[in-house]
1. Applying the Karplus parametrisation 6.51 cos²θ - 1.76 cosθ + 1.60 with θ = phi - 60° to the phi angles of the stretch 32-48, what ³J(HN,Hα) value in whole Hz is obtained for each residue in order, glycine and proline being reported as x?
2. Could you give me D for the chain, from Stokes-Einstein at 25 °C and 0.890 mPa s, where the hydrodynamic radius is the Kirkwood radius over C-alpha pairs? Units µm² s⁻¹, please.
3. What angle, in degrees between 0 and 90 and rounded to the nearest 10, separates the Cα long axis of helix 58-80 from the longest principal axis of the Cα atoms of the chain?
4. Which of the peptides 61-74, 35-48, 12-25 is most tightly packed, and how do the rest follow, going by the mean number of other Cβ atoms within 10 Å of each residue?
Amino acid sequence: MCTGGCARCLGGTLIPLAFFGFLANILLFFPGGKVIDDNDHLSQEIWFFGGILGSGVLMFTSTIFAVVGFLGAGYSFIISA
């Protein structure tokens, strides 16, 4: 089981990690920091956007949903009190 301090630390680190994962997967489109003319040498995995969707968008939305759930739990607690 995770303690409260560990959960707060984990939540605070997931948002920057999601951002850096998203950025790192976008940088795959610019090898060597250059804009390329032909896209033949880029692998199909880059074009499937698996890294962009998996590491960036899905992780960020899961963090947003966790915040919404926390706010809903707080609202329910206040209403029931």
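1. After applying 6.51 cos²θ - 1.76 cosθ + 1.60, I find x, x, 10, 7, 9, 7, 10, 9, 5, 8, 7, 6, 5, 5, 5, 6, 7 Hz.
2. 160
3. 10
4. Order by mean packing, descending: 12-25, 61-74, 35-48.
Each value in this text was obtained by applying a stated rule to the coordinates, not by laboratory testing. What you are looking at is a predicted structure, and each value in this text was computed from that prediction instead of being measured. Methodologically, a virtual Cβ is constructed for each residue, glycine included, from the backbone with ideal geometry; neighbour enumeration extends over all protein chains shown.
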